[in-house]
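Heads up, the thing below is written out as structure tokens.
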Amino acid sequence: MDAIDTPEWADNPRLRTWLTAGRDAFPAWSAEHGGGWDFTPASLDRLEELVRSRFTTWQEADGARDTTLLQVAAWYLGEVQVRHCGARWRCDPDEPERPPVAGGYPLVTVPRTELTDAEQYRLAREEEEDGNPTPVVDPAARIRALFTAQDSHLREVIDWFEHFREWLGED
């Protein structure tokens with residue numbers, strides 16, 4: 001079992017604090033940014049437009065990563081995955097000391113514990129051959145990544161989870 005699948009990563013004070021902060025800040029954030037945020041995959045295009053309207057480079061977005069704008073945007077992006085893709089929040093219970101995970105923002109993934117025996121078997125076989133195909137998304141990093149690749153879009157994270165689910169169902 002990978003650390004991300006342990007109970008410690010699924011429920012810890014760091015994760016609870018971050019999720020609570022996002023949830024509590026969301027109503028004011030939503031009102032400030034036009035309201036009507038409905039947690040649908042289609043709303044990710046609107047979220048992307050909001051972020052791109054405020055920043056033009058990765059450096060600008062990275063410098064603002066701890067602002068309410070980007071923290072709630074990251075929480076929202078993760079929540080869309082949780083609500084529509086069967087993903088779950090995870091976070092290292094201990095603050096990482098060095099990059100690339102310094103700051104240790106929460107991640108979104110499909111926990112192995114929620115896969116069927118057949119799905120776990122298929123995943124184990126794939127890991128032996130090519131590594132772990134399980135989608136793991138750092139929503140905060142994913143938002144900043146909009147500025148590193150010209151054709152990067154937030155809605156792609158939904159595709160990753162859909163492709164993973166389709167792949168799991170193959171024989």
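The values are calculated or read from the model by the stated rules, or taken from the named source; none is laboratory data. Here the structure is a predicted model, which is why all the values come from computation and not from measurement. Note that each Cβ is placed from the backbone with ideal geometry, even for glycine, and that neighbours are counted across all protein chains shown. Protein only, heavy atoms only, side chains kept; ligands, DNA and RNA dropped before computing areas. Shrake-Rupley method; radii C 1.70, N 1.55, O 1.52, S 1.80 Å.
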**Study point:** Qualifying positions in region 157-171 - exposed (fewer than 15 other Cβ atoms within 10 Å of the Cβ) and either among the hydrophobic types (A, V, I, L, M, F, W, C) or in a helix (DSSP H, G or I) (or both)
**Key:** D159, E162, H163, R165, E166, W167, G169
Check your understanding: So which of T20, T57, T6 is at negative phi, in contact (Cβ under 8 Å) with a residue 12 or more places away in the chain and surrounded by fewer than 19 Cβ atoms within 10 Å (Cβ to Cβ)?
Key -> T57
Check your understanding: Of all the helices (runs of 4 or more DSSP H) wholly in region 1-110, which have at least 2 residues that are closer than 18 Å to H153 by Cα and either among the aliphatic types (A, V, I, L, M) or within 17 Å of the chain's Cα centre (by Cα) (or both)?
Key -> 43-54, 58-63, 68-85
Revision key, fill the gap. Given the conditions (1) in contact with a strand residue (DSSP E or B) (Cβ under 7 Å, 6 or more places away or on another chain); (2) open to solvent by less than 40 Å² (accessible area, probe 1.4 Å), every one holds for L115 apart from (1)
**Study point:** Close pairs (9 angstrom Cβ cut-off, 6 or more residues apart or separate chains): among the aliphatic types (A, V, I, L, M) in region 31-43, part of a loop (DSSP other than H, G, I, E, B) and open to solvent by 40 Å² or more (accessible area, probe 1.4 Å) anywhere
**Key:** A42/R155
Check your understanding: When residues of region 142-171 are filtered for being of a type outside the set (D, E, K, R) and within 13 Å of T109 (Cα to Cα), how many remain?
Key -> 5
**Study point:** Selection within region 127-144 - touching a helix residue (DSSP H, G or I) at 6+ places or on another chain (Cβ under 8 Å) and either part of a helix (DSSP H, G or I) or at pLDDT below 85 (or both)
**Key:** N132, P133, T134, P139, A140, R142, I143, R144
